[in-house]
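Accompanying notes for the structure given below.
The values are calculated or read from the model by the stated rules, or taken from the named source; none is laboratory data. Just so you know, these numbers come straight off a predicted model, no measurement behind them. Using ideal geometry, Cβ is built from the backbone for each residue, glycine included, and neighbour counts are taken over all protein chains shown. Keep in mind that these areas ignore ligands, DNA and RNA; they rest on the heavy atoms of the full protein, side chains included. Shrake-Rupley method; radii C 1.70, N 1.55, O 1.52, S 1.80 Å.
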Amino acid sequence: MSLTRVCGGERGWSEVPEAGSWRTGRWRDVPPVQRRTVRFVAVSALAGLVAAGGAVGAAGPWEGGRRVAERDRAAAAGADRAAERPEAGRGGPGHPAAPPVLVGAGERGAARAGAPDGLAEALGPLLKDAALGDRHSAAVYDAATGERLYGSDEGTAYTPASTVKLATAAAALSALGPDHRVDTTVVADGDGGIVLVGGGDPTLTARDGAGAGPQRPASLRELARSTARALKARGKDRVAVGYDASRYAGPAVHPIGPNENIAPVSALMVDEGRLDDSDRGPAERSTDPVADAAGKFAGLLRDEGVGVEGDVAARRAGDRAERLAAVSSPTVAALVERTLTNSDNDIAEALARQTALASGQEASFEGAAGAVTGRLDGLGLSGAKVADGSGLDRADQVSADLLARLLVRAADPRRPELRPVLTGLPVAGFTGTLRGRYGDEAAGRGLVRAKTGTLTGVNTLAGTVVDAEGRVVTFAFMASGTGDADAAQRALDRLAAKVADCGCRS
């Protein structure tokens, strides 16, 4: 299968329990991280109005579930405040309406009346652009009311490419919760040796100084250092080392085959199996990331003064094996944000498998696809098929309506666990896979936040935008049969920018 210009990194064209305490009835009872996240999303629309300063990219990616630059920019605009969503209402004592997740740049909290005719007039001509290929669809929804404002073949399932990562992200957050972390552990095997056990964290790193703060990747060196301390405390300075990656099942290689856009999907790997110093986009990948990770761990253990006896080999850890050391991944919220911003295929597939495990299904491509699909109930699954977590598989089929409604669900203040789906969206002209786009579409620059999707002949875009009246809407535009990816992307960008420029009133 030809794979060109597929969703992914910024380094060129690459393919790529309810959290919180809403039941208390008091906003102050909500954990601080969620308060910050909700406030952030409530003002992310306004952030674009002051984006021209370029602060988005300057302050780095994530800190506790929100981008530092966007937080500071929003604060500078005096916009870090929220109003109650009018239609949410109160469900009785102890069940007040949550603060809104998205409010407009004009009248805050005001749910505007829809104007399908206005959007039809604005978007209709743009959808006729030949660059969008022979089949295309569109859906636009009011994020506050859930009303569909516009649709064009919106219910037909198309190949979504990487916009299917929105479904993967929402499913993982629903199944695991935003604060869940994935552990990589070392256990005693009962025969005097140790076993490195992969939990499924693809961001585990063997590099020194990778990231900073509470959301930095788990370090294989730290795991080796902790293991060495535990062994030496037992009087051992030499040990046999095994590894266990049995948490995942089924084929490791993605159905597209070996590819520079994704490593074999494994419960044990370091640095996404990359063989260079990159952290996003296409790169040469290890063909056996499990063995490579185990070998690196053994080497780091030697660096800590612990000898390794014999060869490092696969060995199943017992269910009751004693844990000697462990490191934890960033939170699922942070992993979701990184996945969506950079269109990270490896993390997306890991999130899908973690969703399968949390749902009692086999952690394989098939089990993960079933688990993700199961979390989309109520969004209109007619014709939909989720085949993988990343969108690399052309067997994926979802409609524009499903994607736009999924974003409405993520904006629902009663679903705070889904907020990272919105905070992880790239910002037009500034971050992630939209950093280099919207140069000619000033109306959308900084106001459009969207997940991109690109396969050969397939171009998609789904996200949120603030219209001219300050209303926040969700949208999804999908095109198949495109012949020029650059032209198709520009056509999609014009559609989203037109929504930003339209007051949606006729």
* For Val308, indicate whether it is touching a Pro at 6+ places or on another chain (Cβ under 6 Å) and either at pLDDT 95 or above or polar (S, T, N, Q) (or both). => no
* Structure fact -> Flagged in the range 407-426 as among the hydrophobic types (A, V, I, L, M, F, W, C) and more than 17 Å from Asp142 (Cβ to Cβ), in numbering order, are Leu418, Val421, Leu425
* Asked: So Asp319 fits all but one of (1) at pLDDT below 95; (2) surrounded by 24 or more Cβ atoms within 10 Å (Cβ to Cβ); what number is the exception?
  -> (2)
* Structure fact -> Exception for Thr474 within (1) closer than 21 Å to Asp344 by Cα; (2) β-branched (Val, Ile, Thr); (3) within 19 Å of the chain's Cα centre (by Cα); (4) open to solvent by less than 10 Å² (accessible area, probe 1.4 Å) falls at (1)
* Asked: In the range 335-349, is there at least one residue being touching a helix residue (DSSP H, G or I) at 6+ places or on another chain (Cβ under 9 Å), among the polar types (S, T, N, Q) and more than 22 Å from Leu434 (Cα to Cα)?
  -> no
* To do: Scan the range 147-174 for residues that are in a loop (DSSP other than H, G, I, E, B) and open to solvent by 30 Å² or more (accessible area, probe 1.4 Å) and report the count.
  => 5
* **All positions within the range 468-485 that are of a type outside the set (A, V, I, L, M, F, W, C) and within 13 Å of Asp129 (Cα to Cα)** => Ser480, Gly481, Thr482, Gly483, Asp484
* Does Gly310 count as surrounded by fewer than 20 Cβ atoms within 10 Å (Cβ to Cβ) and part of a loop (DSSP other than H, G, I, E, B)? -> no
* Structure fact -> Among residues of the range 331-369 being open to solvent by 30 Å² or more (accessible area, probe 1.4 Å) and small (Gly, Ala, Ser), the residue nearest to Gly273 (Cα to Cα) is Ala358
* To do: Just give me the residues in the range 396-414 being in a loop (DSSP other than H, G, I, E, B) and surrounded by fewer than 24 Cβ atoms within 10 Å (Cβ to Cβ), in sequence order.
  => Asp412, Pro413, Arg414
* Structure fact -> Taking the range 439-448 and the residues there that are modelled with pLDDT of 90 or more and open to solvent by less than 10 Å² (accessible area, probe 1.4 Å), the one that is farthest from Val466 (Cα to Cα) would be Gly446
* To do: For residues that are among the hydrophobic types (A, V, I, L, M, F, W, C) and modelled with pLDDT of 95 or more, scanning just the range 248-266, find the one that is surrounded by the fewest Cβ atoms within 10 Å (Cβ to Cβ).
  => Val253
* Asked: Considering only the range 267-293, how many residues are under 24 Å from Thr185 (Cβ atoms), open to solvent by less than 60 Å² (accessible area, probe 1.4 Å) and in a loop (DSSP other than H, G, I, E, B)?
  -> 5
* Can you find even one residue in the range 111-118 that is in a helix (DSSP H, G or I), at pLDDT below 90, within 27 Å of Ala488 (Cβ to Cβ) and open to solvent by less than 50 Å² (accessible area, probe 1.4 Å)? -> yes
